[in-house]
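Input: a single structure, listed below in structure tokens.
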Amino acid sequence: MKICVVGTGYVGLVAGTCLAELGNEVKCVDIDQNKISNLNSGILPIYEPGLEELVLRNVKEKRLAFSTDVNSVMSWSEVIFIAVGTPEGKEGKADLSAVFSVAKSIGKNLNNYKVIVDKSTVPVGTADKVAELIRQNSSGKIVEFDVVSNPEFLREGEAVNDFLFPNRVVIGANSEKAKHVMREIYRGIERIDRPMMFTDIKSAEMIKYASNAMLATRISFMNEVAMLCEKLGADVKDVAKGMGLDERIGPRFLQAGAGYGGSCFPKDVQAFIHTAKENNSEFKILEAVEEVNDLQKKSIVPKLKKLLPELKGKKIALWGLAFKPKTDDMREAPAITIIEQLFAEGVKIHAFDPVAGENARKLFPKLELFPEPLEALKGCSGLIIVTEWNEFRNLDKKQIKELLLEPNIVDAR
Ligand code: NAD
């Protein structure tokens, strides 16, 4: 199929590349000219394991191209994936301005039957608004089209694998013609153990928010369990293991830590709470999930202060800055809260992250970055392990102790 993917961020670039890998002809467009010209020179805007190789190969084999010429790519395409950002807007409401602006462009370029796929995470009812905007902007042309909801569940750091080998593909569609097109697109990945689930559009939109909200709830739940464990002398790692052995619970997403971050959970939980409010409901559990997460992110530096009451003028090492391992994404990372608190205490920060260092320094120019984790420890009175990169698992504890001025360690993971 001829596919246009609008937005070449974490989702759009991965989706576009993997759709090309599945044999479709894909053109990715973005309003960011710099991103597109870099992509055309083989430079990727993000770090994602395995992605670069896949991009280069599919470009070489002419199934994948990048462009800023939104109009001509849209006219050329049979299917348009909307994969632009939907950040948190006012009062937690999802900011849909980029999605709506794309919908208007689609309306202007509607020249034959097209399936429009909402891949961005958007509140229930958005597909209807997208359809309405396409109609309003198509200058009275009577051209058939369908809007489909196909939320994305990939995890940064595992994105390529998650896209090509998903647990499920959820498709909300109201027309048989659109369902057929979606089946064709994903033909390469559907298997009995990886079902393609068809439902109505609103349910598909809801599935995405309900899934992220459930995962965020598990994290906050375990963080509160961990807090009690600390007070009572139980070990949260064993508690999680024991809980996870129950098949009804399962072992995933039971790790206590520094709180959830990233570009999805915080904003999606907020948007879900907002959707409830707009519909005269209260999502009390999710309000608590958010509150607990906020407290959790702020609880790490006080732990260090228990070991080292006077932080002013001290150097502290941070290992890991990205919101999770194997990504360079700093959006809403717990490290941000930790860095802000440390700077407020008058601390100098020595930081190491395998790939997110430069993105973190854009937010905090005063951050001192080190190329190796052990080097970052020199002259420091404490270490906080913020992100659980594999790189930290097998380092020599004796050496860590020797390199630190004072061996104060807070393992936030
Ligand atoms: P991103 O910020 O990395 O990328 C968005 C891209 O869209 C940017 O390159 C931006 O320049 C481009 N863009 C914005 N407006 C545009 C327009 N009018 N025309 C063309 N391009 C435009 O965002 P992301 O992380 O890829 O997320 C995209 C969507 O997918 C969001 O709704 C997000 O919630 C959802 N999602 C993200 C993840 C994730 O792990 N990042 C996972 C699942 C779902």
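Scan the stretch 124-135 and tell me whether some residue there is within 15 Å of the ligand (Cβ to nearest atom) and under 30 Å from Thr387 (Cβ atoms). So far as the stretch 124-135 goes, no, none of its residues is within 15 Å of the ligand (Cβ to nearest atom) and under 30 Å from Thr387 (Cβ atoms). Report, by residue number, each residue of the stretch 114-141 that is in contact (Cβ under 8 Å) with a residue 40 or more places away in the chain and outside any strand (DSSP E or B). Scanning the stretch 114-141 gives Lys119, Ser120, Thr121, Val122, Pro123, Val124, Gly125, Thr126, Ala127, Asp128, Val130.
Considering each residue of the stretch 333-357, count those that are of a type outside the set (Ser, Thr, Tyr), touching a residue at least 12 places away in the same chain (Cβ under 8 Å) and not in a loop (DSSP other than H, G, I, E, B), and give that number.
Of the residues in the stretch 333-357, 14 are of a type outside the set (Ser, Thr, Tyr), touching a residue at least 12 places away in the same chain (Cβ under 8 Å) and not in a loop (DSSP other than H, G, I, E, B).
With respect to the conditions (1) farther than 19 Å from Glu152 by Cβ; (2) away from the ligand (no atom under 15 Å from the Cβ); (3) in a helix (DSSP H, G or I); (4) in contact with a helix residue (DSSP H, G or I) (Cβ under 6 Å, 6 or more places away or on another chain), Ser105 lacks only one, and its number is (2).
Would a scan of the stretch 36-44 turn up a residue that is surrounded by fewer than 17 Cβ atoms within 10 Å (Cβ to Cβ), in a helix (DSSP H, G or I), of a type outside the set (D, E, K, R) and in contact with a strand residue (DSSP E or B) (Cβ under 7 Å, 6 or more places away or on another chain)? Checking the stretch 36-44: at least one residue is surrounded by fewer than 17 Cβ atoms within 10 Å (Cβ to Cβ), in a helix (DSSP H, G or I), of a type outside the set (D, E, K, R) and in contact with a strand residue (DSSP E or B) (Cβ under 7 Å, 6 or more places away or on another chain).
Tell me whether the stretch 307-328 contains one or more residues that are within 20 Å of Met214 (Cα to Cα) and β-branched (Val, Ile, Thr). Let's see the steps before the verdict.
Filtering the stretch 307-328 for residues within 20 Å of Met214 (Cα to Cα) gives 323-324.
Adding the requirement that they be β-branched (Val, Ile, Thr) leaves none.
No: the stretch 307-328 contains no residue that is within 20 Å of Met214 (Cα to Cα) and β-branched (Val, Ile, Thr).
Would you say Val181 is at pLDDT 95 or above, away from the ligand (no atom under 13 Å from the Cβ), closer than 20 Å to Ile3 by Cα and part of a strand (DSSP E or B)? It would help to see each step written out before you state the result.
Numbers: at pLDDT 95 or above: yes; away from the ligand (no atom under 13 Å from the Cβ): yes; closer than 20 Å to Ile3 by Cα: yes; part of a strand (DSSP E or B): no.
So Val181 fails the test.
I want to confirm something. Restricting to the stretch 1-13 and keeping residues that are hydrophobic (A, V, I, L, M, F, W, C) and more than 14 Å from Asn150 (Cβ to Cβ), which single residue is farthest from the ligand (Cβ to nearest atom)? Only one residue tops the list, namely Cys4.
The test for being over 19 Å from Val26 (Cα atoms), without any contact (Cβ under 8 Å) to a residue 40 or more places away in the chain, of a type in the set (Lys, Arg) and more than 16 Å from the ligand (Cβ to nearest atom) does not hold for Lys62. Listed by position, the helices (runs of 4 or more DSSP H) contained in the stretch 250-332 that have at least 3 residues being within 16 Å of the ligand (Cβ to nearest atom) and within 21 Å of the chain's Cα centre (by Cα) are 265-278.
Among the conditions (1) exposed (fewer than 14 other Cβ atoms within 10 Å of the Cβ); (2) without any contact (Cβ under 8 Å) to a residue 12 or more places away in the chain, the only one that Gly244 does not satisfy is (1). Restricting to the stretch 65-97, and then to whatever is part of a strand (DSSP E or B), over 20 Å from the mean Cα position of the chain (by Cα) and in contact (Cβ under 8 Å) with a residue 60 or more places away in the chain, can you tell me which residue is surrounded by the fewest Cβ atoms within 10 Å (Cβ to Cβ)? Out of the qualifying residues, it is Val79.
The values are calculated or read from the model by the stated rules, or taken from the named source; none is laboratory data. Just so we're clear, the structure is a prediction, and the values are computed from it rather than from any experiment. Neighbour counts run over all protein chains shown; Cβ positions are idealised from the backbone, glycine included.
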